[in-house]
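Asker: Quick one: structure below, then a few questions.
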Amino acid sequence: MSSKVRIYKESEPITMCGFGYDNPNPITELLGSNNETKSIYPYPLHNYHLRDKRLCQVDLIVIENEFLRVAFAPELGGRIWSAYDKTAQQEMFLHNNSFKSYMAGCGGAYIAAGMELNYPNAHSITNCMPRKVTTFEHEDGSATVRISELEMVYRTQWQISFTLRPNEARLLQHVMFYNRSHLPGRYRYWCNASAPLSDDFKFIYPEKMASEHGGSNVFTWPNYLGNDWSQYKNDHEILGLYYLEAKDDFFGYYDRSRDFGIVHHADRHQVPGKKLWTWGQTKAQQQRVAFLSEGLGKYGETQSGRPVNQEHFEFLMPQELIHWDEVWYPVSNIGNFIQATDNFAVALEELRNNKVSLNICACAPVNKLKARVLSGNRQLAEFPIRLATRELFSKKIELQKTSADELLIQFITETGAVLEEASLKGRGEYKMRSEIREEPVHDIRSSYSLYLNGAFQDMCGNVEKAASFYKKSIERDALNPEPLRNLATIYLNNGNTSEATKLLQKALDYNKWDGFARYLLGYAYFLDGKINDSNDLASTSAGMYGQVLNGNVLAAESFGRLGLYNKALKHLDSAIEHAQLNPKLRALKSAVLRKLGRKADSVKEIQALKIAGVDDILIHTEQFFLGNSQSLKNVNALVSELYYDSFRFIEAALDYIAIGLYAEAEELTSIAIKSGLKLCRLPIHYNLEKCPRKYQRQYVSPFLFLVRGYARKLQNKVDEAVSDYKKADTAQYYVFANRPELERILWDSIASIKGSGAFEYYLGTYLMSKKRYDESVMMFEKAQQKGLKFSVLFRNLAALNWKHCNNTNAAEMYYKKAIALDNDPNLYLELVSLYEVTKEAAKRRKTIMSIPEEFKRTSPMMDVVGPVLDLLAETGDPQKYNEFASQVSLCEWEGLGKGIYTATKVKLGKTLFDKGKYLEAYNEFKSATEFPKNFGTSVWYVEPILVRNEYLKAKCLKELGNTAEASQILQNIVSTNYTVWYFESWREDVNKIRFYQAMALQDVGRVSEANMVMDGVNFYRQSRGLIPLMFNLNSEQLFATADSNCAEQKIHQGPEI
């Protein structure tokens, strides 16, 4: 009998460059945050990356059997840090013990290491932050590591469990998400496994169609334009692909240089997302290798996910719970596999002597299986398959006057059923692009068509566009229930209950049996404190189609708030009948049973949840209340289970308030306040020595006092409530409200005490995040009138006056007030951006030069150094530029530092060129790629700036009379093949390169070709709503200028396949 799987802890020494502190300003869509960062509120942005190396220890939790050793890093997002295959003596994923954090993804924190777990966004905000990691041992000898988190953006709970069994070489992955809120929650789930690359590395995806990362182009796979893109050695461009129309349940890679690969297997209907990413055989790869680590080597990514791509979201409906299984396992000595099940992979290789070699590698015992070899209707062979774990099966098969492509291998179970089939052809289908189009047709004449377009934009996370389509749909048909409900949901997510109520009442006027509209209206009343009205709507919606779960949960909370706990229990029982695994509902039932004095039944509910293997904060709070709440041991256990986080205490307390258990909410917040110091834990990659004290997290969130005060007020402890409100009356960094119930509590605190303006500040920030900008401005102004002097308050007022009120003078004033209180470089950069919009060059220059010296020369934020060099380039003074550049320290930013250097050097040269100083300009262009050591050691990859540099160099030479050399440079620009496919196929960069090629073609007299290239440039620009360019060097200033004659921007699809 196999020995049980071991679980143990250890630490590993690592070298790392981490964070100094987070951006103290809330990140919302107001200042044009990109698609990756606009969805992170209430989390802060990690944009202050240090580049001084530190040696430290990363704590690991390890599960190990006779075949695999898998280590998890709780402080780095619970990622799989290492997965070592003992048989092949190879790492399954990239093992990187010398990393540098990278400003990428949703929160600005990415490291290339192991397998990262991403939810509710790709490259999630917390994938480098501490997550709760729990271990379990099972009676069959297996062991499980569970990573779980209650995320703060949509307030959904997720957990991913990895199990290793005895005598198996596979890692079983169980994924579970559920929505504990009353509104639909968006999510993207992606498991990102990094892998070391070589020229013999092959990405194995059985699909025939793929679309590009970040774009709309669709391609054939693996061959496109005569190139086999699955072979890494052929990937001469950055490559990011999503695979479409999946017909198989597997993907993976195989590296012949190591004779090793990995397989991922999952039901494609549950996990349809498959993706690869590589920097390709490019200089970008060299730059990223040096930038992300030391000695990292080339790396790529294979990813499983849901939905199909990372441009779309899926929705978890209220109280919905979904779960599925995935498997990861290693293979070796079989070659490029063509099929895989959850316990073996199959490779079929054609040999020279009219034979094929069938190779099978098992990750778990394979018994009572046989293989049947077919060619059309002919059976060529049949034989049994019996394999032990990591055993290799190999058999040569005669082709018998057929081709290898015609072979079909069937794997037959003992019942005669076909378990799986394998063939070189695969199951994928080539399709026309029009056959897989996703976006609905835009038809302004149809209310339903407008609604579908709104729903599509909603799925893409473009909430404002979605709301616009819903409003237009309602204009066409005022009683169309779908857009009324969806627009009301957007308003409810923003806490705007008054507008939501109007829309939902309209929907019910049209159809009083609309259960979802009735439920949502009940929730709107619940938020407004109209508990009786909420109860009536919730109770009736609970009996309507599709709303049994939601309606019963809301009815239970309403009855709880009314003190009718027996009725609340009845509705919870009805809800649980339709959601047996939902841990929050079972925990709430436990709480109500406890309230009714039925402690034994309450204990049974919690025990049932522990057996089910699901996690929720209320499970742990109920365990605490069912035990001895005065025990210090129990208090410490609760703090540990809620993972040392004020947010989780606040969330749990608000859950108890929602169902009328105010004493529990009071006790929980009191425990959190008393625990104080334990609630502030930063991961190992925060260097507190580099973090000013004012930016270090406070130990006790003021929201703990606010929620406790509100709970006490609901118990008629008015004096104690007021006392708590007074204790909460302080403005702190990184304290951002998100849950709608906090809005009501903040209003109550404002009405209860005079205050310093802190409550108005918190409420204003919440309203700003929900795009209720007029209300937000009013709150911030009230905070200012009360005398609150806090840099983030003035920064928020500046942003609102600039972007919402179009009052740039007021915005300038508020930015200056913010800077006077805090030298945060983010404030200077936002003010610089304001001056760029108002075209006040002198003020922009002055602001850039006012940035504190410690940020200008050695800043961990490259976007500080860049504007300074850019400003010096504008002056056209090489001496001042070179003097400053020689003192800058960006050597640890690798290729990115060189990008700043090249761009600003070219700008300096262009300034001199425009002044007629052609020799000086030529010298600047010539030195633009002769990088000083203080700008890094790696090579910057080709961008339009380098082509522009060559073109301007040629123009200088022509003016200096050196026409021969100028002509040669122009010919080089024209003849160099900048044609790219996939990821960069329609990017702005390529279009800019082609603009300079058109200019060069005209300069060398090839006018017709020049016109053809420029027509292509402008065709692309027209498709994106940009102004056409002319044969004029000054046209480059119009690269990003929109064409007012274009009604809307369109996505260029490229030629039909």
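Asker: To the nearest 0.05, what FRET efficiency results for Glu435 and Asn462 with a Förster distance of 25 Å applied to their C-beta separation?
Answerer: Given R0 = 25 Å and the Cβ-Cβ separation, E is 0.55.
Asker: Now, a different point. If all Cα-Cα distances of the chain are sorted into 20 Å bins from 0 onward, what percent lands in each bin, rounded to whole numbers?
Answerer: Binned Cα distances yield the sequence 11, 39, 37, 12, 1.
Asker: Using R₀ = 35 Å, calculate the FRET efficiency as 1/(1 + (r/R₀)^6) where r is the Cβ-Cβ separation of Ser198 and Ala381; round to 0.05.
Answerer: 0.50
Asker: Which residue, chosen from Leu788, Leu763, Ala751, occupies the Cα position most advanced towards the positive end of the dipole of the stretch 735-796, where the dipole is computed from +1 (Lys, Arg) and -1 (Asp, Glu) charges on Cβ about the Cα centre?
Answerer: Ranked along the dipole, the leading option is Leu788.
Asker: Starting from the Cα gyration tensor of the stretch 6-331, multiply each eigenvalue by 5, take the square root, and state the resulting semi-axes largest first in whole Å.
Answerer: 26, 25, 23
Asker: Quick one: pull the percentage of alpha-carbon pairs in the stretch 480-570 with a separation above 19 Å.
Answerer: In whole percent, the long-distance tail amounts to 33.
Asker: Turning to a different aspect of this structure: In terms of modelled amide H atoms, which long-range or inter-chain residues lie less than 5 Å from the amide H of Leu380?
Answerer: Residues meeting the amide H criterion: Val373, Leu374, Ser375.
Asker: While we're looking at this one, here's another question. What's the longest piece of the chain with no exposed chymotrypsin sites (Phe, Trp or Tyr not before Pro), counting a site as exposed if DSSP puts it in a loop and it has at most 11 other beta carbons within 10 Å?
Answerer: 546-1057
Asker: Could you give each residue of the stretch 704-721 its phi-based ³J(HN,Hα) in whole Hz, using Karplus coefficients 6.51, -1.76, 1.60 with θ = phi - 60°, and x for Gly or Pro?
Answerer: 4, 5, 4, 5, 5, x, 5, 4, 5, 5, 5, 9, 6, 9, 5, 4, 5, 4
Asker: Want the number for Glu421 to Trp324: 0.36 nm per residue separation, take away the alpha-carbon distance, what's left?
Answerer: Net length gain for the segment: 32.6 nm.
Asker: If you put +1 on each Lys and Arg Cβ and -1 on each Asp and Glu Cβ, how big is the dipole of the chain around its Cα centre, in Debye rounded to 20?
Answerer: So the dipole magnitude of the chain works out to roughly 1480 debye.
Asker: Evaluate 2.2 N^0.38 Å with N set to the residue count of the stretch 357-469, then give the Cα radius of gyration divided by it.
Answerer: Rounded to two decimals, the normalised Rg is 1.83.
Asker: Sticking with this structure for a sec: Test of the criteria: in the stretch 131-187, which GluC sites (Glu not before Pro) are in a DSSP loop and have at most 16 other Cβ atoms within 10 angstrom of their Cβ?
Answerer: Hits after loop and neighbour filter: Glu139.
Asker: Would you mind ranking Asp989, Asp655 so that the residue whose beta carbon has the fewest other beta carbons within 10 Å leads the list?
Answerer: So the residues, fewest neighbours to most, are Asp989, Asp655.
Asker: Could you go through the stretch 175-187 in sequence order and give the Karplus-derived ³J(HN,Hα) for each residue, using 6.51 cos²θ - 1.76 cosθ + 1.60 with θ = phi - 60°, rounded to whole Hz, and x for Gly and Pro?
Answerer: 10, 9, 10, 8, 9, 8, 9, 9, 10, x, x, 7, 7
Asker: Apply the Karplus parameterisation 6.51 cos²θ - 1.76 cosθ + 1.60, with θ equal to phi minus 60°, to every residue of the stretch 748-762 and state each ³J(HN,Hα) to the nearest whole Hz, in sequence, with x for glycine and proline.
Answerer: 5, 5, 5, 6, 8, 9, 5, x, 9, x, 5, 5, 5, 4, 4
Asker: Any of Lys233/Lys992; Lys958/Lys992; Lys839/Lys880; Lys589/Lys610; Lys53/Lys880; Lys727/Lys786 with alpha carbons more than 19 Å apart? Name them for me.
Answerer: In this structure, Lys233/Lys992; Lys958/Lys992; Lys839/Lys880; Lys53/Lys880 exceed 19 Å between Cα atoms.
Asker: Have a look at Phe383, Ala417, Pro365 and report the one farthest towards the positive end of the charge dipole of the stretch 333-433, computed about the Cα centre with Cβ charges (Lys/Arg +1, Asp/Glu -1).
Answerer: Phe383
Asker: Okay, next question. Give me Leu94, Leu537, Leu527 ranked fewest to most by other Cβ atoms within 10 Å of their Cβ, as a rough exposure proxy.
Answerer: Going from least to most buried by this count: Leu527, Leu94, Leu537.
Asker: With N set to the residue count of the stretch 135-202, report its C-alpha Rg divided by 2.2 N^0.38 Å to two decimal places.
Answerer: That ratio works out to 1.51.
Asker: Still on this structure, please answer the following. Per DSSP helix of 4 or more residues, -39500 (n - 2.57); summed, then divided by the residues of the chain. What does that give at 222 nm, rounded to the nearest 500?
Answerer: -12500 deg cm²/dmol
Asker: Also: Separation between the Gln879 and Asp509 pseudo-spin-labels, each 7 Å from Cα along Cα→Cβ, expressed in nm?
Answerer: For the pair Gln879/Asp509, the computed spacing is 7.6 nm.
Asker: For a Förster distance of 35 Å, can you work out the FRET efficiency between the beta-carbons of Glu398 and Asp267, rounded to the nearest 0.05?
Answerer: Taking R0 as 35 Å, the efficiency between Glu398 and Asp267 is 0.50.
Asker: Sort Thr282, Thr126, Thr415, Thr929 so the one with the fewest other Cβ atoms within 10 Å of its own Cβ comes first.
Answerer: Result, fewest neighbours first: Thr415, Thr929, Thr282, Thr126.
Asker: List the trypsin sites (Lys or Arg not before Pro) within the stretch 445-511 that fall in a DSSP loop (any state other than H, G, I, E or B) and whose Cβ has at most 11 other Cβ atoms within 10 Å.
Answerer: Loop-located and lightly packed - Arg445.
Computed from the coordinates by the stated procedures, all read-outs in this text should not be read as laboratory data. On a predicted model such as this, the values are computed, not experimentally measured, just so you know. Note that we place each Cβ from the backbone using ideal geometry, even for glycine, and neighbour counts take in every protein chain shown.
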